[in-house]
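The values are calculated or read from the model by the stated rules, or taken from the named source; none is laboratory data. Worth saying up front: this structure is predicted, and the values here are computed from it rather than measured. Positions of Cβ are backbone-derived with ideal geometry, glycine not excepted, and every protein chain shown enters the neighbour counts.
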Amino acid sequence: MLQCRSLAGIAAVPSDIALEDLSLEQLSKIEITSVSKQSESLLDAPASVFVITADDIRRSGVNSIPEALRLAPGVEVARINSHQWAISIRGFNSDITNKLLVLIDGRSVYSPLYAGVFWDVQDAMLDDIDRIEVISGPGGTLWGANAVNGVINIITRSAKDTQGGLLELGGGNEERKFGGVRYGGQLGDAAVRAYIKSSDHDASRKLDGNGGNDDWRMTQGGFRLDWQPVAADRFTLQGDVYHGSEDGIFPGSFTFGTLPGASFHDEVNLAGSNLLGRWSRQLDATSDFTLQVYYDHTLRDIPSTYQEKRDTGDIDFQHHFTLGQRNDLLWGLGYRWTSDDIDNTTFASFIPDHRIDETFSAFLQDKIDLWQQRVFLTLGSKLEHNDYSGFEYQPNARLSWLISDKQTAWTAISRAVRIPARLDTDLQLAIPLNIGIPVYVTVQGNKHIESEKLIAYEAGYRVQLTPAVSIDLATFYDDYDDIQTAETGAPILVVNPPLVYGVLPKTLESGIEGKAYGGTLMMNWRPLTNWRLRFQYALFDMHLENKPGSNDVDSKTEEDNSPHNQYAVYSFLDLPHQLSLYTGVRHVDGLKNLDSPNYTSVDVGLIWNPLTYLQLSVTAQNLNDPSHLEFGPSQGQEIERSIYGKIQWRF
């Protein structure tokens, strides 16, 4: 019978051992689910995958999900200002990155408005996060469109694992004040927890040394219920609600033929809620199914720009079973419905201002045992129908060789697509030029724009050299087509007495193709039982070219939006007297297109547990540098040194 290797001679990681107590060999056998949607050992996974553990998050002292993602090799995390991040994997980084799929407990959090993620509203009690699985490379076969360059799956702990109370309070010079309370208990046969957290963040700094006017405040609460009435059935019900505001400087309003008024200080209003239900049933020893349903509501109100209200519903079913002795099959069906209402301005309009979209999907994947549960071939594809580009298919083939219980080699070829979003087809953008007379650059969406396409070739190797040393190498070569461009048309002079103004029109098209290559190297070393070191290196290079007929001069420069090299060394050291010390040193190459210089950041975190129920910590970020740019002066502001303390009390 077909089995994963953790069931065929290698013991799984015991559930009662804390992650900080695991050996490197045990860490390599952490069970993950994001590569195949089924539980498998990290060592065996036929993809470039890294797990940010709960212990990594706790020891590093990070205070947000984007900051935690810096711990993963190959993830490009650039903080633009106090509340805005540019996050991508394998290129195309920007403030509206649209080729990365992000999930929280299986709920997609990408915005159908532009197919990206608003990171300022993705949050959780960090103590409740079990792990963050980071997949570098296409995941479209299982996860669908927009999982082009990677998948980030944030997985929280079951309510039964968070019983009792937790109170945390903290503050510092940038993270001015934050706190939260969570309590878990029993509700009949079910385990349940509820939480509420709030934070207040200081502004970043302008290049002239003045404040960036981008302070932000956020409050979020939620609950989770887990119920297992019988051994075969598991039910989960969870939800969140949030509200916040962000300061900013916004452009004055205008109409065509008039110059905009003076810029003004105001707030972006943010609000949202979600509710998710999941039923999993074990049919027999080799067969199970999962049914998941969720609803998501968001509101984003940006002064003088636009207001978006959106409701999304999603249903997903998957069935796993074995067929004979060699075939492990997984298939599923999905349906998503999303509806929006947008209040337009002259600056940014979406026509129509109300739209309902539907996506239907089906996938099938077969993991075939080619030789003695050592060589596996995984074949599969996803078929989707959406209201923008019609039918899309996303096949993949993965070959893995479990050379021994301590080493695995794998290779893969995949096709993935980024389907158009509202911004691509329905946007009408008008940007006034400050030249003394009314002239506007307009950007027009294109209802016939193509999906962006990728063919990816990957290979990797993992080995546990000794009980104290492990290495993970992953390489890739990406071939892109139909990448979005903004094609310039002939200038237009509008004469409508008494108004006279000029228009420089641009239309969104699919005018660029390109190649990218690179890889990641990670080495874990435990020189002492109480000391763990991790070295990470990521190499990336991209070359984009205009296709015949394209006159776009800006999109090609995006090849320089991602660092060519990223290095990091992380140290996790246990000290006497219940102390632990974290040190992280990161170097990021400059971004030529954004005029952003390279930078090195040193982060330090010290934790003290004087009592089993009490934890005190202090964290310093950018300790070596008063401030630095991470995403260029044209888009970002300087990120300052941050020092904050935190107290946690468990009861």
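Given the criterion farther than 30 Å from SER580 by Cβ, among the aliphatic types (A, V, I, L, M) and buried (at least 18 other Cβ atoms within 10 Å of the Cβ), identify the matching residue among LEU504, LEU493, LEU508, LEU539.
Details: LEU504 fails: buried (at least 18 other Cβ atoms within 10 Å of the Cβ); LEU493 fails: buried (at least 18 other Cβ atoms within 10 Å of the Cβ); LEU539 fails: buried (at least 18 other Cβ atoms within 10 Å of the Cβ).
Exactly one residue qualifies, and that residue is LEU508.
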In the range 592-639, residues that are in a strand (DSSP E or B) and farther than 23 Å from GLU168 by Cβ total 9
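Would you confirm whether or not the range 558-566 contains a residue that is out of contact with any helix residue (DSSP H, G or I) (no Cβ under 6 Å at 6 or more places or on another chain) and closer than 20 Å to GLY445 by Cβ? Walk me through how you get there before you give the answer.
Taking the range 558-566 first, the residues out of contact with any helix residue (DSSP H, G or I) (no Cβ under 6 Å at 6 or more places or on another chain) are 558-559, 562-566.
With closer than 20 Å to GLY445 by Cβ added as a condition, the list becomes 558.
Yes, because at least one residue in the range 558-566 is out of contact with any helix residue (DSSP H, G or I) (no Cβ under 6 Å at 6 or more places or on another chain) and closer than 20 Å to GLY445 by Cβ.
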Please tell me if LYS177 is of a type in the set (Lys, Arg), outside any strand (DSSP E or B) and touching a strand residue (DSSP E or B) at 6+ places or on another chain (Cβ under 7 Å).
no
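Taking the condition of being among the polar types (S, T, N, Q), buried (at least 19 other Cβ atoms within 10 Å of the Cβ) and assigned to a strand (DSSP E or B), how many residues in the range 180-219 meet it? I'd like the intermediate steps shown before the answer.
Applying the first criterion (among the polar types (S, T, N, Q)) to the range 180-219 yields 186, 198-199, 204, 210, 213, 219.
Next, only the ones that are buried (at least 19 other Cβ atoms within 10 Å of the Cβ) stay: 199, 204.
If we keep only those that are assigned to a strand (DSSP E or B) too, we end up with 199.
Result for the range 180-219: 1.
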Per the filter on the range 51-65, residues surrounded by fewer than 23 Cβ atoms within 10 Å (Cβ to Cβ) and more than 14 Å from ASP130 (Cα to Cα) are ASN63, SER64
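If you scan the range 122-154, which residues turn out to be among the small types (Gly, Ala, Ser) and within 30 Å of ARG193 (Cα to Cα)? Let's see the steps before the verdict.
Kept after step one, since they are among the small types (Gly, Ala, Ser), are these residues of the range 122-154: 124, 136-137, 139-140, 144-145, 147, 150.
ALA124 - this is the single residue of the range 122-154 that is among the small types (Gly, Ala, Ser) and within 30 Å of ARG193 (Cα to Cα).
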Checklist entry - Do we have ILE155 as part of a strand (DSSP E or B), at pLDDT 95 or above, hydrophobic (A, V, I, L, M, F, W, C) and within 27 Å of PRO73 (Cα to Cα) here? => result yes
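Kindly state which strands (runs of 3 or more DSSP E) lie completely within the range 275-355 and contain at least 2 residues that are surrounded by fewer than 16 Cβ atoms within 10 Å (Cβ to Cβ).
Details: elements: 287-302, 306-323, 327-343, 348-350.
In the range 275-355, 287-302, 306-323, 327-343 are the strands (runs of 3 or more DSSP E) which contain 2 or more residues that are surrounded by fewer than 16 Cβ atoms within 10 Å (Cβ to Cβ).
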Only unsatisfied item for THR258, checking (1) hydroxyl-bearing (Ser, Thr, Tyr); (2) crowded, with 16+ Cβ neighbours inside 10 Å; (3) outside any strand (DSSP E or B), is (2)
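Take GLU558 and tell me if it is in a helix (DSSP H, G or I) and under 23 Å from the mean Cα position of the chain (by Cα). Give the steps one after another, and end with the answer.
On the way: in a helix (DSSP H, G or I): yes; under 23 Å from the mean Cα position of the chain (by Cα): yes.
Yes: the conditions hold for GLU558.
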